[in-house]
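See structure below.
The values are calculated or read from the model by the stated rules, or taken from the named source; none is laboratory data. Values in this document were obtained by computation on a predicted structure and should not be read as measured data. In this analysis, Cβ positions are derived from the backbone assuming ideal geometry, glycine residues included, and neighbour counts consider all displayed protein chains. Just the protein is used for accessible areas: all its heavy atoms, side chains included, with ligands, DNA and RNA removed. Shrake-Rupley method; radii C 1.70, N 1.55, O 1.52, S 1.80 Å.
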Amino acid sequence: QVTCVEVVEAYVERIREVNPLINAVVKDRFEEALQEAQQVDKLLSEGPGDDYLEEKFPLLGVPITVKEAFSLYGMPNTSGLVNRRNVIATSDATVVSRLKQAGAIPLGVTNCSELCMWYESSNRVYGRTNNPYDLQRIVGGSSGGEGSVLAAACSVIGVGSDIGGSIRMPAFFNGVFGHKPTTGVVPNDGQFPNAHGVRTSYLCTGPMCRYAEDLEPVLRVMAGPGVSKLKLNEKVSLEKIKFHCMDHDGGSIFVSPVDKEILQAQKKVVEHLESDLGVQVQRVAIHKMKYSFQIWSAMMSSKDSEGQEAQRFTDLLGDHGKPVWPLWELMKWLVGMSSHTLPAIALGLTEKLVNLNLSGKAKLVSMGKSLQEEMEALLGPDGVLLYPSHPTIAPKHHSPICMPFNFAYTAIFNVLGLPVTQCPLGLGSEGLPLGIQLVAAAYNDHLTLAVARYLEKAFGGWVLPGKV
């Protein structure tokens, strides 16, 4: 009914309208996108047949945005690091290339946290991104620009990556859908920083979308041949899923208690599943989840099977130059002279502390392996766990620095290698998004995606900001 050019023009107009408020798109490629849209319309007018086009180009003419940490040809690729402000991508990351080959049209790149290692998307290159539901709130990180741009209806699909919740936190804070696939299915090539050593098993690239039904087709394109490891063609009978529910991590001293509104939203999901599907949702208390943050930290900094050390964050901050001295950077930051953000400096400092207690670290790595076995046994071939996405709704800017470890609610599933779909559940009393994580055993992504589609119908999914 509409041309591709009209669709792309509508999204370009929307970005121009709202981006001055949210600062999510940090560099656009509108002219190129409109030229690509003209080519799509030409292809359609020549009419090789809809079935042929759908099979060859499943995302033909669909506007997308890409996290700036991924290479998108001709676009900056700084990851918010001042040292890299002149770096322009000369090729496409693997997932970006696959999306383009499927016919998608990138509109530009979006903001992230410095080096993608913090849950507020703010850096010294592009500044801070704001939440479309309340500009005084964070968008999450590190794929925060994607969460914000999707929530504000400026894009259809977002490319995100996640090593501690970097897809799911922004999806939660901005009320959209995000999927962290089973580890090792979607390639991570072409992003900076990329994972090395043991972290290659924890970093995941995945889709972010406003609508649950879009996650699966985008995941298929992103995964390429790797999609054969997943069971996306299997029909899911929701009544046969064994649902488990856990309200909180058991009371970690490092993490905030879960907000009442988040618990209430989760309770409503349980009640709806039980009354509508006639299932029994099993309450569980997994003791080791209380140590989620410590387990994640220990496993992130452990050696891989070949004895290779994890890459140090202070080396990444120096970006092929001299490693950064976090204490010296802190002194410079206090007088406004550091080119790094406070969270990045703080991470550099804590990194040194983690390696001081090696025997404690070994115990935590072992606890992580045992938790993985416990989770796989609990979930099995047909289980889905309902678990809070974060202890609080979208916090105000800067406040994460006071509770830096709240990301443990998402991070634990990275080191466990499990697929997780982040699902919005409408807005709370302050007009901010609520949501829930849906977790399954490895390679059972089809289960969490099916439950997300079901919950979208039941709870309304994405809500346009400013509508309430």
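A few comments on the model shown:
- Rounded percent of accessible protein surface that carbon and sulfur make up, the stretch 4-459, 1.4 Å probe: 54
- Amide H contacts of residue 231: 445, 446, each under 5 Å away and 5 or more positions distant or on a separate chain (H built 1.01 Å from N in the peptide plane; Pro and chain starts excluded).
- Relative to the current alpha-carbon distance between residue 39 and residue 271, full extension at 0.36 nm per residue lengthens the span by 78.6 nm.
- Protection proxy ranking, peptides 112-123, 215-226, 35-46, 130-141, average beta carbon neighbours within 10 Å, highest first: 112-123, 130-141, 215-226, 35-46
- Viscosity 0.890 mPa s, temperature 25 °C, Stokes-Einstein D of the stretch 4-459 from Kirkwood C-alpha radius, µm²/s: 111
- Amide H contacts of residue 435 (H built 1.01 Å from N, under 5 Å, at least 5 apart or other chain): 425
- Computed label-point distance, nm, for sites residue 399 and residue 331 using a 7 Å Cα→Cβ extension: 3.5
- Among 179, 196, the sequence by solvent-accessible area, most first, with a 1.4 Å probe is 196, 179.
- For the stretch 24-79, the fraction of C-alpha pairs farther apart than 19 angstrom is 42 percent.
- Gain upon complete extension [residue 211, residue 240; 0.36 nm per residue less C-alpha separation]: 8.0 nm
- For the stretch 127-166: accessible area per residue (Å², 1.4 Å): 14
- Its DSSP H runs of at least 4 residues, each contributing -39,500 (n - 2.57), put the calculated 222 nm mean residue ellipticity of the chain at -11000 deg cm²/dmol, to the nearest 500.
- Of the residues 73, 454, 52, the one with the largest accessible area comes first in the ranking 73, 52, 454, computed with a 1.4 Å probe on protein heavy atoms.
- Reduced Cα scattering model of the stretch 36-192, Debye log10 I(q)/I(0), q = 0.11, 0.16, 0.20 Å⁻¹: -0.44, -0.86, -1.22
- Using the alpha-carbon positions of the stretch 96-153, Rg (one decimal) and Dmax (whole number) come out as 12.5, 38 Å.
- Lysines whose Cα lies under 23 Å from that of residue 56, excluding same-chain neighbours fewer than 8 positions away: 42, 100, 229, 231
- Estimated vicinal HN-Hα couplings, Hz - the stretch 175-189 in sequence order (Karplus 6.51, -1.76, 1.60; Gly, Pro = x): x, 10, 9, x, 10, 9, x, 3, 4, x, 9, 9, x, 9, 4
- Per-peptide average of other Cβ atoms within 10 Å, ordering 142-155, 388-401, 277-290, 197-210 highest first: 142-155, 197-210, 388-401, 277-290
- Sequence of 291, 387, 126 from largest to smallest accessible area, 1.4 Å probe: 291, 126, 387
- Note on residue 6: accessible area is roughly 90 Å² with a 1.4 Å probe, heavy atoms of protein only.
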